[in-house]
RNA sequence: GGGCCUGUAGCUCAGCUAGGUAGAGCGAUCGACUCUUAAUCGAUCGGCCAAGGGUUCGAAUCCCUUCAGGCCCGCCA
């Protein structure tokens, strides 16, 4: 059984209306691992839905987290914003509401294209609405008990002035030290390092719980039943351990069913020439992996398994595997071994499987076609020469368009040289021997009348080589030279069949006068 | 110091909470009228299931130990 189904079954036995929570702290550039969290949550949601459960997936954006330091990618003036909550810091590019919005937006776009079915919730709104107030109140009143728990769980010594809640200084906008003895619901005094002394209202957006308290507070607030989180939280004495005790002993709530997941590593840009490679960012992964395939990548293995994201040829294998699972699903026949992968394919569709086998265009083929034209219409035209695209649905067209974009992005930045070519790189007559020219002339004549289709083209190429008294290998190489200026390339039969016959013949004749 | 995860075919992984003759894909090799390879179809090769011990009629699967690798935690979210 697929892991998401196992979790779904467990959850439904305990909870008829489960809430799945997940989230992100957009303090900086987003990592692919954050995607895994969202996709894992969505997978569990889909699986529960599949079992008939009434389920919600909420996505919490931790917009009140402080900027910890000025990251290298930030301009110098951001030094001034260190320590301030990120929803109050201006957007670096000026196009978004604030800093948090700036960094989370590409990610929200990704969630959209991945079809993650969730409700977006901003933490600063929750504070502003007073949703945290009951928990803040409890944390302040039972502060000594909180300290005791944290001491026991983490095994660290905690000072008596430990603050579970930090008021936001109204003067400098940074988090300040609360004056616990002054607390009287809903007000708490504070003293800030900037010299200001003031009072914060815990029912308003005037302060923040520290992470170890905020997390369990969210569990209580939403009644979270299941939550995926990175393994960093799962370590012994980590925030899940302490959160579990705090939600039970302080907030009178329950900890969610934990789904710890491993991190995603990024593999270099291929085994051969990795020296020049720039590292792959989360955004790169989103841009070069078709959304359904990215879903599949995370769903095919258990969450606790580490994933190496391969930005080289591996991406082609992955897309092909996805397509194969699609076929297996519709054929209804698969071995026990493939069962989980086929199920992963289904979950990647979020219960929105089409009725019939979608039209498939092999991903590797797309890699070639994309390089033969410069626009989507061109891709459609080329594909139309060898495949019937008339029945393509709107959705299939969208999916194809997205795949073309991904292939382009990949070719531009990560594809190994070996798969790249350009039809404008064909060599001129001066670079060809008389033997080669003679061959091209013969081939042009033979191709003139042959059926314009992969197999027959291949046959002509081979037979003509024999006639010309050169090896077949030499024949192929000559044609590649004339077309793309290399000695190897895409499988020639299909490659030529993809192109327009007249253009091919014209090219051959122009270099073999 | 503490904890988690992983170790099954060259590679990526299924199988392990129903213990009963080792699986898939990719790769490789070979073949498909003498057809390059990054296509397709077919076939073949390929594993003492990390090591050792235990439970069992029987263990990749359960228990213990060891080894190897990866990652995380010490108040940062």
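Points to keep in mind about this one:
- Looking across the range A:241-260, the residues that are surrounded by 18 or more Cβ atoms within 10 Å (Cβ to Cβ) and in a strand (DSSP E or B) come down to A:257, A:259, A:260.
- Hits in the range A:452-502 (condition: in contact (Cβ under 8 Å) with a residue 40 or more places away in the chain, within 9 Å of RNA strand B (Cβ to nearest atom) and outside any helix (DSSP H, G or I)): A:486, A:489, A:490
- Which listed residue is under 35 Å from the mean Cα position of the chain (by Cα), surrounded by 15 or more Cβ atoms within 10 Å (Cβ to Cβ) and closer than 27 Å to residue A:289 by Cα, from A:401, A:413: A:413
- From A:198, A:223, residue being under 36 Å from the mean Cα position of the chain (by Cα) and either away from RNA strand B (no atom under 15 Å from the Cβ) or at pLDDT 95 or above (or both): A:223
- Residue A:382 within 14 Å of residue A:496 (Cα to Cα), touching a helix residue (DSSP H, G or I) at 6+ places or on another chain (Cβ under 6 Å) and assigned by TED's automatic domain parsing to the domain that holds residue A:283: yes
- Some residue of the range A:386-395 being surrounded by 13 or more Cβ atoms within 10 Å (Cβ to Cβ), under 21 Å from the mean Cα position of the chain (by Cα) and under 25 Å from residue A:298 (Cα atoms): no
- The lone exception for residue A:26 - which of (1) more than 26 Å from residue A:293 (Cβ to Cβ); (2) part of a loop (DSSP other than H, G, I, E, B); (3) modelled with pLDDT under 90 it fails: (1)
- Some residue of the range A:348-371 being in a helix (DSSP H, G or I) and free of Cβ contacts under 8 Å to residues at least 24 places away in the same chain: no
- Boolean, residue A:207 is at pLDDT 90 or above and surrounded by 19 or more Cβ atoms within 10 Å (Cβ to Cβ): yes
- From the list A:304, A:271, the lone residue that is surrounded by fewer than 16 Cβ atoms within 10 Å (Cβ to Cβ) and either closer than 14 Å to residue A:410 by Cα or modelled with pLDDT of 80 or more (or both) is A:304.
- Being surrounded by fewer than 18 Cβ atoms within 10 Å (Cβ to Cβ) and in contact with a strand residue (DSSP E or B) (Cβ under 6 Å, 6 or more places away or on another chain) is a description that does not apply to residue A:36.
- In the range A:29-58, the qualifying residues are those that are within 22 Å of residue A:293 (Cα to Cα) and not in a helix (DSSP H, G or I), and the one that is nearest to RNA strand B (Cβ to nearest atom) is A:31.
Residue-by-condition table, conditions (1) over 17 Å from residue A:215 (Cα atoms); (2) in contact with a helix residue (DSSP H, G or I) (Cβ under 6 Å, 6 or more places away or on another chain); (3) in contact (Cβ under 8 Å) with a residue 12 or more places away in the chain:
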{"position": "A:140", "(1), (2), (3)": "no, no, yes"}
{"position": "A:157", "(1), (2), (3)": "yes, no, no"}
{"position": "A:164", "(1), (2), (3)": "no, yes, yes"}
{"position": "A:171", "(1), (2), (3)": "yes, no, yes"}
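- Output for the range A:72-107, where each listed residue is under 23 Å from the mean Cα position of the chain (by Cα), assigned to a helix (DSSP H, G or I) and surrounded by fewer than 18 Cβ atoms within 10 Å (Cβ to Cβ): A:105, A:106
- Of the residues making up the range A:307-322, just one is at pLDDT 85 or above, touching a helix residue (DSSP H, G or I) at 6+ places or on another chain (Cβ under 7 Å) and either assigned by TED's automatic domain parsing to the domain that holds residue A:43 or over 17 Å from residue A:411 (Cβ atoms) (or both), namely A:322.
The values are calculated or read from the model by the stated rules, or taken from the named source; none is laboratory data. Given the structure is predicted, the values throughout are model-derived calculations rather than measurements. Cβ atoms come from the backbone with ideal geometry, glycine included; neighbour counts cover every protein chain shown.
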